[in-house]
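Trainee: Dumping the structure here so I can ask a few things about it.
The values are calculated or read from the model by the stated rules, or taken from the named source; none is laboratory data. None of these values were measured; they are calculated from a predicted model. Here Cβ is always computed from backbone atoms with ideal geometry, including for glycine, and neighbour counts include all displayed protein chains. The accessibility values were calculated without ligands, DNA or RNA, using every heavy atom of the protein model including side chains. Shrake-Rupley method; radii C 1.70, N 1.55, O 1.52, S 1.80 Å.
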Amino acid sequence: MQTLLITEPDSEGISRAGEILRAGGLVVFPTETVYGLGASAIDEGAAAKIFAAKGRPADNPLIVHLAEPADAERYAVVCPLFFKLAERFMPGPLTVILPRREVIPVTVTAGLDTVALRVPSHPVAHALIVAAGVPVAAPSANISGRPSPTTPRHAIENMYGRADCIIAAGDCDYGVESTVVKIEGEGVVLLRPGAVTPEMLAEVCPVKLSETLNRPVGESVAPESPGMKYRHYAPDVPMYILDGSDETVYEFLRDKDDCAVICFDGDRELLAREHAFSLGDRADSASHAHRLFAILNDINAQAHDGKIKAVYARMTPAGGVGLAVFNRLIKAAGYNVIKLD
Ligand code: TXA
Ligand code: MG
């Protein structure tokens, strides 16, 4: 497939990309969370192309991106709590699951009677949805199972030749995907943590954490969000989280060769090694979120070149947006945690 690459999205480029979406094509675009792979959410054939391009299992539903919260009424059965959440967090990194209306084909919702809605704040994403004139179904623009792309280079590496158009313009601010919540009664259930934290949601309504949040979903437990049961973000070599003090982590790694290390700015002994990556200051969870997927994508490339045989990551703090970082990290590591102390 020929891919139109747009690196400086002016109004002409955006209207061209909007036409491609309206005509049933695939467009990769930046959002404030991660890069998305978009298609018209009211065109069954277009949505089906997303699953083919990503190699995504057909039972994993897509998020529908809208220009304004008010548009939600056309595609879902809304409620007062939706508008309370929208007033506080939209546009921005929050996805809300609501009962679906018929205009959204079941391909998009993977057969569910609910639909996930999000209003991105990234100016290019917003302009693109307006230009398309249709709601835009968009998962993260990675090949299924890989880390989500958060930089133009990683978006191109994943989707060149698979999408009709790629708007490759800048790094994504947050770097982890949107918070996903489902409205239940007067409150919400948190299905996927993101930059809108449980503490922030709790200022608006009661919040329950999904039981499967940071635990592997067993065959017998049906996940509330289908995407949570798949292997995710994983590099193509074994990955482990190291739970220990500076001393025990340094000691453990001393005789480990040919491995990548994910650590913090203060870990000078580790950063002196080859294939060492810093998430930023240990206390700066926003920086960890911003860098994690780009690091995992780079590590994957090194793994493919045969340069590394394993990945060891230091445990990250789990407060605030750190909950989202730890959630992605532990999934990438396949829930392998090595306790050192
Ligand atoms: O930040 C984001 O949300 C990015 C950007 C592109 O907007 N998109 C994204 O999409 O992360 P994706 O497809 O990679 O993840 C969507 C998640 C999956 O875990 C999926 O199972 C869940 O949302 N989901 C979608 N619709 C759902 C529904 N009706 N019920 C439960 N979970 C749903
Ligand atoms: Mg994804």
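Trainee: Residues that are more than 16 Å from ligand 2 (Cβ to nearest atom) and open to solvent by less than 10 Å² (accessible area, probe 1.4 Å): list the strands (runs of 3 or more DSSP E) wholly contained in the range 104-216 that include at least 2 such residues.
Mentor: The qualifying strands (runs of 3 or more DSSP E) are 114-118, 165-167, 187-192.
Trainee: For the range 143-172, enumerate the residues that are hydroxyl-bearing (Ser, Thr, Tyr) and farther than 20 Å from Met239 by Cβ.
Mentor: Thr151, Tyr160
Trainee: Now a separate question. Given Glu186, Glu177, which one is modelled with pLDDT of 95 or more and over 17 Å from Phe82 (Cα atoms)?
Mentor: Glu177
Trainee: Another question, then. Can you go through Gly145, Gly92 and tell me which one is within 13 Å of the chain's Cα centre (by Cα) and at positive phi?
Mentor: So the residue among Gly145, Gly92 that is within 13 Å of the chain's Cα centre (by Cα) and at positive phi is Gly145.
Trainee: Can you name the number of the only condition in (1) open to solvent by 30 Å² or more (accessible area, probe 1.4 Å); (2) in a loop (DSSP other than H, G, I, E, B) that Pro99 fails?
Mentor: (2)
Trainee: Then there is this: Among the residues that make up the range 290-300, is at least one of them under 22 Å from the mean Cα position of the chain (by Cα), closer than 23 Å to Glu157 by Cβ and free of Cβ contacts under 8 Å to residues at least 60 places away in the same chain?
Mentor: yes
Trainee: Let me ask something additional. Could you tell me how many of the residues in the range 76-103 are over 21 Å from Leu201 (Cα atoms) and either among the polar types (S, T, N, Q) or within 16 Å of ligand 2 (Cβ to nearest atom) (or both)?
Mentor: The qualifying residues number 0.
Trainee: Output the number of residues of the range 274-289 satisfying the condition of being open to solvent by 30 Å² or more (accessible area, probe 1.4 Å) and over 17 Å from the mean Cα position of the chain (by Cα).
Mentor: The total comes to 7.
Trainee: To continue, here is another question. Give the range 198-255 a look and list any residue that's modelled with pLDDT under 95, within 30 Å of Thr114 (Cα to Cα) and more than 16 Å from ligand 1 (Cβ to nearest atom), or say none.
Mentor: Gly218, Glu219, Ser220
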